[in-house]
1. Report Rg/Rh for the range 1-124, rounded to two decimals, where Rg is the Cα radius of gyration and Rh the Kirkwood radius.
2. Express the accessible area of the chain per residue in Å², computed with a 1.4 Å probe while the remaining protein chains stay in the model.
3. Through the Karplus equation 6.51 cos²θ - 1.76 cosθ + 1.60, θ set to phi - 60°, convert the phi angles of the range 40-50 into ³J(HN,Hα) values in whole Hz; use x for Gly and Pro.
4. I need the calculated FRET efficiency for the pair GLN215 and ARG80, taking r as the beta carbon distance and R₀ as 25 Å, to the nearest 0.05.
5. Multiply the residue separation of LYS55 and ASP181 by 0.36 nm, subtract the distance between their alpha-carbon atoms, and state the gained length in nm to one decimal.
6. P(r) for the range 171-308: what percent of alpha-carbon pairs falls in each 10 Å bin, starting at zero?
7. Would you check the accessible area of MET224, probe 1.4 Å, heavy atoms only, in square angstrom rounded to 10?
8. Karplus couplings for the range 265-277 from phi (6.51 cos²θ - 1.76 cosθ + 1.60, θ = phi - 60°), rounded to Hz, Gly and Pro as x?
Amino acid sequence: MFAASLSTLLTQSIDYAGIFPPCSLALEAALQNQAQYVRDPDAWMLGAFVLPIEKFDAAVENLSLFDREHPLRISALGMRTANRDEFLAALEIATEKIRSFSAEHADLVSARQLEMLLPQDVDLVLLAKMGSILKSLELQAFWETPVDSAEETIALLAEHNSATGAAQFGYKLRTGGVTADAFPASQQIARALVAAAKQRVPIKFTAGLHHPIRQFRDEVKTKMHGFLNVLGAAILAAEHEWDEQQTSKMLEDENGASFSFSDALFAWREWKIATDQIKTRRKLVTSFGSCSFDEPREDLRALNLLTS
């Protein structure tokens with residue numbers, strides 16, 4: 001059993017990225033895991049399967065693991081590129097691959113997202129060209145930049161979304177990795193969360209969010225951010241118009257007792273948000289990528305937040 005507020009906060013929140021470090025599974029093994037997860041009682045927490053565009057063809061051999069009731073929901077990962085021209089060319093390829101792959105396997109595959117690293121010289125002109133390329137696809141696109149440029153990029157995305165009248169473009173924030181230097185400071189994450197909330201830009205997270213509560217982990221020799229800290233801070237910052245300082249305080253909280261869930265609301269210390277409002281905020285605070293679907297669930301059970 002679990003509280004309704006926890007369910008609302010975590011529904012389809014974990015994008016399974018099993019082929020990426022530190023798990024680094026073979027594609028076949030990761031897809032076998034995904035096929036089990038979509039049939040698991042905890043499937044309500046499962047989001048998309050993060051699949052690089054260049055591995056679409058290899059994934060075909062394992063599509064029989066899925067069916068109409070349990071499709072393979074994909075977050076397509078575009079190629080890394082060195083400059084603006086290469087980026088646009090790669091985006092064209094990604095768009096065609098997503099379109100053809102989805103059409104050929106319509107009963108088994110659902111492409112929900114596209115994730116891609118932006119070139120350094122991104123501007124509104126480039127965003128307009130990107131929008132034109134993607135206009136025939138019905139999916140949410142998340143664009144990643146280094147954390148130091150998060151606020152500037154989010155402002156550009158907001159301006160683009162306002163001009164097009166849609167929130168098709170979101171921001172992807174990297175929250176960790178396999179080494180200590182890959183983890184941004186809480187203040188850096190806070191600035192991105194506050195900017196996204198103010199500008200109403202969708203945001204998702206990737207890497208390092210294996211555990212619910214912030215904690216030191218010996219395997220990376222640093223403190224890893226908690227996914228309850230990050231998701232919770234994102235929705236509370238939007239709900240209560242927090243500044244960066246207040247948002248950082250929640251991100252740095254290592255006390256599980258600070259977080260409470262009931263059917264009616266979620267609370268961090270004295271700050272509260274009703275379950276219905278969590279659902280509204282989650283439209284813009286979407287998911288986090290994790291190479292493990294098991295670790296987050298095991299830790300939630302250890303905190304007695306999941307008891308089934």
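1. On the Cα set of the range 1-124, Rg over Rh gives 1.01.
2. 43 Å²
3. 7, x, 8, 4, 4, 8, 7, x, 9, 9, 7
4. Plugging the Cβ-Cβ distance into 1/(1 + (r/R0)^6) gives 0.25.
5. Length gained, LYS55 through ASP181: 42.5 nm.
6. 12, 46, 36, 6
7. Using a 1.4 Å probe on the heavy atoms, I get roughly 10 Å².
8. Values, residue by residue: 7, 10, 10, 10, 6, 8, 8, 10, 9, 5, 4, 4, 6 Hz.
The values are calculated or read from the model by the stated rules, or taken from the named source; none is laboratory data. All values reported here derive from a predicted model rather than from experimental measurement. Positions of Cβ are backbone-derived with ideal geometry, glycine not excepted, and every protein chain shown enters the neighbour counts. The protein model used for the area step is the full one, side chains on, heavy atoms only, and it has no ligands, DNA or RNA in it. Shrake-Rupley method; radii C 1.70, N 1.55, O 1.52, S 1.80 Å.
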